[in-house]
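What follows is a short report on a single structure.
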Amino acid sequence: MIDLHIETFLTHLSGVRAASPHTVKAYAEDLAQFAEFARRQNVCRPEEVTVALVRAFVADLTTDKGMARSSVARKTAAVRAFFRFLTRRSIVARNPAQGVATPRRAESLPHFLPEDQVAALVASPDASRADGLRDRAILETLYASGMRASDLVALNTDDLSLDAGGEGTARIRRGKGGKERVALLGRAAAAALNAYLARGRPELAARAARVSSALFLNKLGGRLSDRGVRRLFDKYCDAVAAAHKITPHTLRHSFATHLLDNGADLRIVQELLGHSDLSTTQVYTHVTTGRMRDAYARAHPRASEES
């Protein structure tokens, strides 16, 4: 019975709320785990779910399964959103997850690459090969725009606009939260994209059984997947001596940090990242402030002297 309501909720997320397939998949996995836990407690109907059961679920995730606090918080939020939906539909009288506390997430600052390491990363693909031209265009585009990997792989060729001045834009039709926005592309990204479109994409497209509208193609000529982009980062990470694993989000973090380091306004960075809440963008100010403090301590003659 709970499973049927979960399917209805997921359909609502996808159709009415225009949530991304990635978001719907995450909700589906989290709620399936909760439904399975409820069945083990002989609870099969949503109106039978109590606050005590939700708390037991959180305890099971935290203590027995040893999940990270961020994972537990996400799964609890999924249960809370599910029962909020059922409450609004009058299927349950109240939300049993509403008052359930979850472990606080540990504060963590985003990992980013210094500018010289970004330069080494984007220069690492072999531009004499079709996939190398594609990979360089991908790396340059991610760093130039700050877009997510999911935004990048969803791009079609007609979403791209490269002007005669050597710059361009990319239209993100359905970003996180279903929002549409325009990402800016500087000269380096535009040059890499022009090279890929002229020499790389035609060779990849010729391998496909049918024509694809996707901007970035895989080795068979179909649309490159999110996983394919992540494998690309694994391939080129040796070009950068980084302390942390490099992912597409590392370039997004680098994009935001470098803009703020070089004087960009916080609200402009918020718009470029597609954040709806300024507080989400403000985490990057902690990074840049910390770097300024380190530079001050190293450079100021009396910064470390005791009075």
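No lab work stands behind these numbers, since they all come straight from the coordinates. Please read these numbers as outputs of a predicted model, since none were measured by experiment. Backbone-built Cβ (ideal geometry, glycine too); neighbour counts: all protein chains shown.
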TODO: Determine, at each q value in 0.18, 0.19 (inverse angstroms), the log₁₀ of I(q)/I(0) that the Debye formula gives when each Cα of region 1-113 is one equal point scatterer.
DONE: -0.91, -1.01
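Helix-only mean residue ellipticity at 222 nm, the chain, DSSP H runs n ≥ 4 weighted -39,500 (n - 2.57), per residue, nearest 500. What is it? Let's see the in-between values first.
Working: 14 runs with 161 residues, N = 307.
It comes out at -16000 deg cm²/dmol, rounded to the nearest 500.
How large is the translational diffusion coefficient of the chain in µm² per second when you combine the Kirkwood radius over alpha carbon pairs with Stokes-Einstein at 20 °C and 1.002 mPa s? Kindly include the intermediate steps, with their values, before the conclusion.
Working: Rh = 22.2 Å.
Reported coefficient: 97 µm²/s.
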Task: Shape box of region 115-295 [Cα atoms, principal axes, largest first, Å] - done: 54, 35, 32
TODO: Measure off 7 Å from each Cα along the Cα-to-Cβ vector at Q41 and V283, then give the distance between these two points in nanometres to one decimal.
DONE: 3.0
- [ ] Bin width 10 Å, alpha-carbon pairs only: give the P(r) of region 118-207 as whole percents, running from 0 to the bin holding the largest distance.
- [x] 18, 51, 28, 3
